[in-house]
1. Under a point spin-label approximation (7 Å from Cα along Cα-to-Cβ), what is the residue 26-residue 13 distance to one decimal in nm?
2. If you plug each phi of the range 46-55 into the Karplus form 6.51 cos²θ - 1.76 cosθ + 1.60 with θ = phi - 60°, what whole-Hz ³J(HN,Hα) values come out, in order, with x for Gly and Pro?
3. Taking H placed 1.01 Å from N in the peptide plane, check which residues at least 5 places from residue 83 or on another chain put their amide H under 5 Å from its amide H.
4. Mind telling me which of 59, 72, 50 comes out most flexible in a GNM of the chain, alpha-carbon contacts under 10 Å?
5. Round to a whole number: what % of the accessible area of the chain belongs to carbon and sulfur, probe 1.4 Å?
6. At a probe size of 1.4 Å, how large is the accessible area of residue 30, to the nearest 10 Å²?
7. Ignoring the sites themselves, what is the longest stretch of the chain with no GluC sites (Glu not before Pro) in a DSSP loop and at most 13 other beta-carbon atoms within 10 Å?
8. Give me the count of lysine pairs in the range 9-103 whose alpha carbons sit under 21 angstrom apart, restricted to pairs 8 or more positions apart or on different chains.
Amino acid sequence: WDDLDRHPLAVEARVRIKPERWGEQAGLVLYNADDDWLKLVVEGSKDGTPRIVFAHRQPGTPAAVLAKQDLPSSALKPGADGGVRLRVEISKDRQEVAGLVNCGD
């Protein structure tokens, strides 16, 4: 995190996962400490629906979900090209964060 005051950050991953139970997840996690992290992941939910979840926690605050949506069924089809592309961008002053998702490109 310390280098973010000098450089913006962008990380990207492509995942092919069909989480079948709550707690299973794959994607991007930027971890600094237990109370300072950011994640953009595909994860299983308690009702069994795979979801894309963008969440973070900052020191002194509880974890917060910034956005979540059901994973499109097209991303789960056997042989689907590309899977899910996840990208996180953070500004150099750490004030702007973006989570970008592209399914099956």
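The values are calculated or read from the model by the stated rules, or taken from the named source; none is laboratory data. Note that the structure is a prediction, hence the values are computed from the model and not measured. All Cβ positions, even for glycine, are placed from backbone atoms using ideal geometry, and neighbour counts span all protein chains on display. Quick note on the areas: whole protein, heavy atoms, side chains included, nothing else; ligands and nucleic acids left out. Shrake-Rupley method; radii C 1.70, N 1.55, O 1.52, S 1.80 Å.
1. 1.0 nm
2. Per residue, the Karplus-derived 3J(HN,Hα) values read 5, 8, x, 7, x, 9, 9, 10, 10, 9 Hz.
3. 104
4. Fluctuation is largest for 59.
5. The value for the chain is 47 percent carbon and sulfur by accessible area.
6. Result for residue 30: roughly 20 Å² accessible.
7. Result for the longest clean stretch: 21-95.
8. Count of close lysine pairs: 8.
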